[in-house]
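See below for the structure under consideration.
The values are calculated or read from the model by the stated rules, or taken from the named source; none is laboratory data. Values in this document were obtained by computation on a predicted structure and should not be read as measured data. Here the Cβ positions follow ideal geometry from the backbone for every residue, glycine too, while neighbour counts run over all protein chains shown. Quick note on the areas: whole protein, heavy atoms, side chains included, nothing else; ligands and nucleic acids left out. Shrake-Rupley method; radii C 1.70, N 1.55, O 1.52, S 1.80 Å.
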Amino acid sequence: MHVKACSPSQNNCTPKLSVRCQEMLRLAQNNLYYRTATSNKADDFVDLGMAENLLTQELVHERLEVSRQRYRGNESSRYAEYRGQETFRNAMANYYSQVLAAEIDPETMIAAAGATPIVEMVVFAIAEPGDAILVIAPWYPGFNTDVGARTGVSMVPVQRTIEDRYQLTAEALARAKHEASAAGKRVRGILFSNPDNPTGRVYSQDELLLLSNFAKDHDLHILADEIYAGTVYEGEFHSFLRLQPDSHHIHVITGLSKDFCLAGYRVGCLISNHEGILQSLAKLCRFCSISLDTQYLLADFLSDADFIKFHISENKRRIRSQHDFFAETLRRLGLKFYSCSTGGLFVWLDFRQHLRDATDEEEERLFSMILEDCHVRITPGQCCRAVERGFFSGLHYHLPRSCSFGWGDVPYCKYPEWPVYAGLNLRKTVLAGFRMFCLQGLPGRFTQDTEGPCTLMRIWHVCEAVVVPHCYPKPCLALLQ
């Protein structure tokens, strides 16, 4: 007998869910960050919104196989410390001492099943329901759920703009603090990511000191998400752990998913000198501890000093190559983007000129058109609380590079999970569709413009000799044929 499931928001769905759970589901259903296309043909789509790093996947998996052969799992069936086994924390501390260029004591670390629960646990530990956290915007869209879904804590944006090249200022921090106070909210901390998600910008030492001084002046905690520290491919990365190693108000959050293509292993960690925070999370990790199998496996993996040294360098090289490739592709297609990214997996796309007006509704319209008709998923800026409409976050590594694009080929990035596109120049087709859709509805899109050749001829120049899959959207096919 088939029983039809009811929607959690329906009044006739019994027994009913709690009000707070219904509210969480409502917010998730209305959030563009979680929206997928209406088509059920997943192979048709390229997801430029999922922050996974698979660029060194084959290297990591090959080395993991060595660790699997060494580990027999004889001790993994027993209970263990919620905060992580000592051998695992020692291995993590040694690794992050290299990546963050700071001496790290394993006793200041808490390991948990991903960076996401660590953010929530720290917020739970420092704030009461109704309090607020200042979050530097544009921010990682997942923070919307991580910070407030279950804690009852709200987020107040510290706004930056592209005109200021997304630099952090004392005025922006003061305005956000004043806004929270005017709304009757007690501010308990500041959350930010460095390198910046979604812009890819790396904070300067002066900005970090500004942030630290502001937090000290107002008795605030700092939650520094440094999970992308290992992806900085240009310039110097400044970790709070190196700038202020003895501070008790700074809590660094990181994890292995971005550096080692290990998102599915769910490994995150907190590094803090605050004894109360460490004690609290050691107890709260009861709900999100890492399996012993995973800990033993990764402890051996991280102990290979030669491999780790090679991987740190090679990972950055591949990330830079992929970023530069995506940036050059966008330039050839006439698409604008923020050009000061030096870390992370992101390209901050500037599509303001393709909006009819600067509203949430117009940005959502463009997002839906690109998703449904171009079969490309990107993240709208409004999900990141960007102050300006028309910006989108795209992950550069997801753009396939398995065939020549006319200016070089990098064979290491392989996509065996996309057999339907075997032998097809998918990236050309996708970007042609991208370009077509950004220009759809604009006057004179097939006429001479300020960039020289007409739009259609520019697309053909980039997509010469393209092979188009039969399943690709008709609007794109019409443009390419």
Within the stretch 1-54, residues hydroxyl-bearing (Ser, Thr, Tyr), open to solvent by less than 80 Å² (accessible area, probe 1.4 Å), at pLDDT 75 or above and out of contact with any strand residue (DSSP E or B) (no Cβ under 7 Å at 6 or more places or on another chain) come out as 18
Would you confirm, using the coordinates I've provided, whether residue 116 is open to solvent by 10 Å² or more (accessible area, probe 1.4 Å) and within 19 Å of the chain's Cα centre (by Cα)?
yes
Find all pairs meeting these conditions: Cβ atoms under 7 angstrom apart; at least six residues apart or on different chains; first residue within the stretch 192-211 and over 22 Å from residue 392 (Cβ atoms); second residue among the small types (Gly, Ala, Ser) and open to solvent by 10 Å² or more (accessible area, probe 1.4 Å).
210/170
Cβ contacts < 6 Å: first residue of a type in the set (A, V, I, L, M, F, W, C), restricted to the stretch 373-392; second residue assigned to a strand (DSSP E or B) and open to solvent by less than 10 Å² (accessible area, probe 1.4 Å), any location; separation 6+ or different chain. Result?
376/46; 378/392; 378/394; 392/349; 392/380
Taking the residues in the stretch 257-275 that are among the aliphatic types (A, V, I, L, M) and modelled with pLDDT under 95 as candidates, determine which candidate is most open to solvent (accessible area, probe 1.4 Å).
263
Can you find a residue in the stretch 55-78 that is open to solvent by 10 Å² or more (accessible area, probe 1.4 Å), over 15 Å from residue 302 (Cβ atoms), among the hydrophobic types (A, V, I, L, M, F, W, C) and assigned to a loop (DSSP other than H, G, I, E, B)?
no
Could you please let me know if residue 151 is more than 24 Å from residue 392 (Cα to Cα), open to solvent by less than 30 Å² (accessible area, probe 1.4 Å), out of contact with any Leu (no Cβ under 9 Å at 6 or more places or on another chain) and not basic (Lys, Arg)?
yes
Which one is nearest to residue 120 (Cα to Cα), of the residues in the stretch 279-316 that are among the small types (Gly, Ala, Ser) and open to solvent by 20 Å² or more (accessible area, probe 1.4 Å)?
280
Tell me, please, whether a residue that is out of contact with any strand residue (DSSP E or B) (no Cβ under 9 Å at 6 or more places or on another chain), modelled with pLDDT of 90 or more and within 30 Å of residue 377 (Cβ to Cβ) can be found in the stretch 64-81.
yes
Among 368, 402, the single one that is at pLDDT below 70, closer than 17 Å to residue 47 by Cα and open to solvent by 30 Å² or more (accessible area, probe 1.4 Å) is 402
